[in-house]
Structure formats: C-alpha cells, structure tokens
1. Quick test of your reading of the structure: T95 fulfils all but one of (1) of a type in the set (S, T, N, Q); (2) within 13 Å of the ligand (Cβ to nearest atom); (3) at pLDDT below 90. Name the failing condition by number.
2. Go through the range 55-91 and give me each residue that's among the polar types (S, T, N, Q) and either part of a strand (DSSP E or B) or under 13 Å from I245 (Cβ atoms) (or both).
3. Counting only residues that are over 14 Å from L100 (Cβ atoms), in contact with a strand residue (DSSP E or B) (Cβ under 9 Å, 6 or more places away or on another chain) and without any contact (Cβ under 8 Å) to a residue 60 or more places away in the chain, how many does the range 51-71 have?
4. I need the strands (runs of 3 or more DSSP E) fully contained in the range 235-280, keeping only those with at least 3 residues that are in contact with a Pro (Cβ under 9 Å, 6 or more places away or on another chain), surrounded by 15 or more Cβ atoms within 10 Å (Cβ to Cβ) and touching a residue at least 24 places away in the same chain (Cβ under 8 Å).
5. Can you tell me which of S74, S108 is touching a residue at least 60 places away in the same chain (Cβ under 8 Å), more than 12 Å from the ligand (Cβ to nearest atom) and touching a strand residue (DSSP E or B) at 6+ places or on another chain (Cβ under 7 Å)?
6. Filter the range 111-142 down to the residues that are surrounded by fewer than 22 Cβ atoms within 10 Å (Cβ to Cβ), farther than 16 Å from I211 by Cβ and under 17 Å from the mean Cα position of the chain (by Cα) and list them by number.
Amino acid sequence: TLLFVLPMLTIFANYNYILSASVSAGRIFSILDEKPDIVDRPGAVELKPVKGHVVFKDVNFSYVSGRQILKNNSFEALPGQKIGLCGPTGAGKSTIINILTRYYDIDSGIIEIDGQNIYDVKQESLRKQIGVVLQEPFLFSDTVMNNLKYGRDGASEDECTAVAKDANCHEFITRLPKGYDTILSDGGSNLSQGQRQLLTIARAMIADPRILILDEATSNVDTRTEKNIQAALRKLQEGRTSFVIAHRLSTIKDAHKILVINQGEIVERGTHDEMMAAKGFYYDLYMSQFKGRVSEILSE
Ligand code: ATP
C-alpha cells in the first residue's frame, strides 16, 4: 500500500498530491508528517529544479530488518518517460514509490534525480518536485478555487480556470451552485468521485511538477467520466516523468518502459509489445487479467 497518509499534504495528503498555496509546504509537513524519523542529513541541500531523470542503482530495502522487500532494483527513467509498475499484490510497487519520495530510507544502493542523490537533499525540496495523484482524491474543505490554488503558491485565478478547462473540470464546476466559489464540504463529499479525481488532476497540473506518481485513478466512475479522467491524465503526463502503478495493465500499455515486479525484484522489463512477444511473466499477468475481464463481462 502506498504510504501517503495525511503527512503528504504537500505532496498530497491522504492519497493525493498537491502543494499548498496559502500555507507553505514546509509548515504542512511539520504539522502533519508522521514520520519524523527520516531526517535531512546535516548539510542537506535544496534539490535543484529537475528535468525528471530518475535512476535507481542496486537499491535494497526492508521496512523491518531481516525481511528484505526490494532486492537489487536498478532502473532508469528519462525525463518525460512514462514508467509502468506492475506485478502481483504485495510485490513492492508502492514501496518503490515510498522510497523515491523518501518516506523510508533504503538499506543500500543509490537513488538519483538528475544526478542528485536524494539522500543529500532536503526532503521537502524533493517532495515539492514530485506530484502524486492517487485513487482516493484529497480535497480541502474550502472553495473549489482555493483547492485549485493549493496546487502552487501564487497561482492566479485565471490560470486555475484555464487549467480546469484543460482538465475537463470547468463544465461541472460552472454547474455547481456557486461555481468556483462553491465550498467543498467534508473534502468534497458534494462531488462525485470522478469529479474529485478531475479536480485533483487539475491541481497537479497547476503544481506543475516534473515527476509524477499516478495510482490508477479510475474506479467506480461512469464511462464518460472515465474518458474525461483518462484524457486529463494524459495531458498531465505530457512532458513529465511519470510512474504509473497499474492495477489494470491496460493503463500502462503505452508506457515507454514497464517494470514487472515480483517479490521485490524486477523480474522483467520492456514495452508492452516486447513483453507480450516474449511470453514471460508479463504475458501471463496480462492474459490472466484479460481472461478475468472476459469472464466478468460474460457474467454481467
Ligand atoms: P498492492 O498491489 O497490493 O498495492 P504492492 O506491490 O504495492 O502491492 P507494497 O505495498 O509495496 O506492494 O508491499 C510490498 C511488501 O512490503 C509486502 O509484503 C508488504 O506486506 C510489505 N509492506 C508494505 N508496507 C509495509 C510497512 N509499512 N511495514 C512493513 N511491511 C510493509
């Protein structure tokens, strides 16, 4: 499971990213970070603005000593690439994200972003440059506009409206009782799940990070909303390095690179087509999902 609990307001509180506009990210962290055990090194520096080149070199990790979770993970994501992460439940997909965002320190190996070792930089500056959109959208009990502005300090209303249009939000927002001034009660209970997801995607666009983490964001939504969400996600990913945790392999078919994780190891990697042709682990995963889906449809 992904570890982004409330601490991640910066990055997105309870399962959704997004930087604060009116409250500084640093303050949010100090209020909400439940994992103070990860401390910046003495002399840690700001992560310089990155292009999104991510490298894992022989990374080993265990949550508790004696039970190794990730084993010798090495991979590279070039700026702008979409990297799919797949594999059975418990394989270690979320763990890779938890250590990239440095919610845990690794046992050995190196993680670099644009050549900067993430252990040498301030956590806050690292997390500011990584956006996350996860299954359970997080919204503040505030107006729609303020929720969008949380994306980035200083985002203007015009910019937020333009991005909302781009992210297929504008139409439903203008239909709300007070449009952009409508207050989202209880973090958005007056919106549908799909609308909440669209809003958090828009907010991530406003934050404009170079690196994105996406957990499959479409469940329990109607087909039209799902299409809107997929389109908005595609726009969001343009030009950014994205790590997509796939529960349905169809969401990563177009990835530049797919990493297949099993029991903490990268057991296969390549594009969808390459691995389908290789008829290995990925092929088996894909076929089993496909068969599952067909029998679901037949029984509907
Ligand atoms: P899923 O698809 O079910 O979300 P995943 O591939 O993302 O699974 P992870 O959540 O990364 O899997 O879990 C990998 C392993 O690490 C599992 O064996 C899990 O039990 C273990 N694990 C995850 N979080 C913790 C934690 N906080 N403390 C100890 N062990 C953990």
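The values are calculated or read from the model by the stated rules, or taken from the named source; none is laboratory data. None of the values given here were measured: they were computed from a predicted structure. When we count neighbours, we look across all protein chains shown, and the Cβ atoms used for this are built from the backbone with ideal geometry, even at glycine.
1. Result: T95 fails condition (3) only.
2. The answer is N60, S62, Q68, N72, N73, S74, T89.
3. Total satisfying the criteria: 4.
4. Filter on the range 235-280 gives an empty set.
5. Going through S74, S108 in turn, the sole match is S74.
6. Q135, E136
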